[in-house]
Amino acid sequence: MTEFIDGGVCAPEGFTANGICCGIKKGRETNDIAVILSEKSCEAAALFTRNTVKAEPVKLTKKHIADGIARAVIANAGNANACTGAQGYENAERTAAAAARQLNLDPEDVLVCSTGVIGQQINIEAIERGMPGLCASVSKEGHRAAREAIMTTDTRHKEAAVKTEIGGKTVIIGTMAKGSGMIHINMGTMLAFITTDCAISASMLDSALRESAEKTYNCISIDGDTSTNDTLIIMANGLAGNNPISEKNEDYHRFMAALNELNTVMAKRIAADGEGAEHLIECSVLGASDDSAARNLAKTVISSSLVKAAFFGRDANWGRILCAMGYSGESFTQEKTSVFFSSAAGEIEVFHEGIPVCFNENMAKDILSEDAVTIIIRLEDGSGSGTAWGCDLTYKYVEINGDYRT
């Protein structure tokens, strides 16, 4: 059993955080740089963007985490430090070095993440000036300041924590994330940080993170764009005192269950906060040939701009769903496919085993007018199931991104 608790990344034993405004981006008055710190060295793992154009902090953090060890994370908003060349990489190194000096750490134990505008050199002098104040005030309550410091176009902060029991010990996993635009299944302009006091090896962390991300974070699509800066980091300091997890045993599966529950909640929060979004769209596929096929079908549906636009218009245009399924690359039996729309306002079938259904358009509109709407696709090709999350495509999305840089 898992239980959701308060505290975000500071909920696990031994973790503190903070966030301040150091003036990275002109005109920003809210916090723009965050630190997460463990009181002892952590086993660590991370996943990064699959975009071949990678931001300089991504390159640096991949190097620093290669040994499976980390102690702190520095993350900033307002500037992505992407496509900035040798100077950008040097600035990422200077960020790690500045934090290391204040925290009395090896720079290679500091991971660096950035989000914001691409193609502009980051204000490293502001970061270096702000680092003493940022690091001097880390605390157990610092997750509140940190969670705001990583936001860009996000309309609300995103954090969560769960506790569970592993090997007779209470284990806590905490997280915070940002993500609103440039989000597409292989993560997006998404930064997510997971902390835990579980005793678990770096190799098992890596395995758990990859497995969980495939079913959670990689099942989100807001706008079809995969960012240059995607980073998902997990750090485990072992202070829970459980027997260290070094193989895929019962304790590992308990950890996985808690991690999946946490990441699912966060994935849905990111999807619901898509830039300009009015509706969270969940697509659940049942009866596919296998789970992988089901997830891919669901991802393709919620990634479709035409599907997203239909949901913005509260239009039960199920034909766009079938169209998206058809170009997913997955095989399914159209003649045995049924489609339903469901929300707090009810459920309605619009396509039954390959045949259009004469449905009540007004009822369908009411269902699609709710904040959260589910597309249910029932197949008869096997026992596979999968879910993906997205949002509608609105005028506001175009407005936000039309002048994002200027």
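Laboratory data are not the source of any read-out in this text; all were calculated from the coordinates shown. None of the values given here were measured: they were computed from a predicted structure. Glycine gets a Cβ as well: all are built from the backbone with ideal geometry, and neighbour counts include every protein chain shown.
What is segment 1-73 by shape, rounded, prolate or oblate, if you read a ≥ b ≥ c off the alpha carbon gyration tensor as root eigenvalues and call it rounded for a/c under 1.5, prolate for a/b larger than b/c, and oblate otherwise? The shape class here is oblate. With respect to the chain, whose longest principal axis is taken over its alpha-carbon atoms, helix 202-215 is tilted by about 30°. Can you bin segment 280-402 into rounded, prolate or oblate? Criterion: square roots of the alpha carbon gyration tensor eigenvalues sorted a ≥ b ≥ c, rounded for a/c under 1.5, prolate for a/b above b/c, oblate for the rest. Oblate is the answer for segment 280-402, as a/c is 1.5 or above yet b/c matches or exceeds a/b.
Report, to the nearest 10°, how far helix 124-136 tilts away from the longest principal axis of the Cα atoms in the chain, using its own Cα long axis and a range of 0 to 90°. The helix 124-136 is inclined about 80 degrees to the chain.
For the chain, modelled as a Gaussian network with Cα springs under 10 Å, which listed residue fluctuates most, Ile172, Ile270, Ile118? The residue that fluctuates most here is Ile118. Using the Cα gyration tensor of segment 350-397, with a ≥ b ≥ c the square roots of its eigenvalues, what is the shape: rounded (a/c below 1.5), prolate (a/b larger than b/c) or oblate (neither)? Judged from the Cα gyration tensor, segment 350-397 comes out oblate (a/c at least 1.5, b/c at or above a/b).
The Cα atoms of segment 93-173 define a convex hull whose projected area, averaged across directions, is 7.6 nm². Compared with the dominant principal axis of the Cα atoms in the chain, helix 85-103 is inclined by about 60°. Cβ crowding within 10 Å ranks Asp230, Asp206 as Asp206, Asp230, fewest other Cβ atoms first. Exceedance of the 31 Å cut-off in Cα-Cα distance is limited, within the set Lys40/Lys178; Lys63/Lys158; Lys25/Lys215; Lys215/Lys308; Lys25/Lys140; Lys336/Lys396, to Lys25/Lys215; Lys336/Lys396.
Note on Lys26 and Glu399: their simple-model spin labels are 2.5 nm apart, each label 7 Å out from Cα toward Cβ.
Can you compute the helix-only [θ] at 222 nm over the chain? Use -39500 (n - 2.57) per DSSP H run of at least 4 residues, normalise by all residues, nearest 500 deg cm²/dmol. Result for the chain, helices only: -10000 deg cm²/dmol. Among the GluC sites (Glu not before Pro) in segment 314-357, those located in a DSSP loop and surrounded by at most 15 other Cβ atoms within 10 Å of their own Cβ are Glu353.
Within the listed set Val53, Val339, Val35, the Gaussian network model of the chain (springs between alpha-carbon atoms below 10 Å) gives the highest mean-square fluctuation for Val53.
Arranged from fewest to most other beta-carbon atoms within 10 Å of their beta carbon, Glu282, Glu108 become Glu108, Glu282. Remark on segment 3-272: ratio of C-alpha radius of gyration to 2.2 N^0.38 Å is 0.91.
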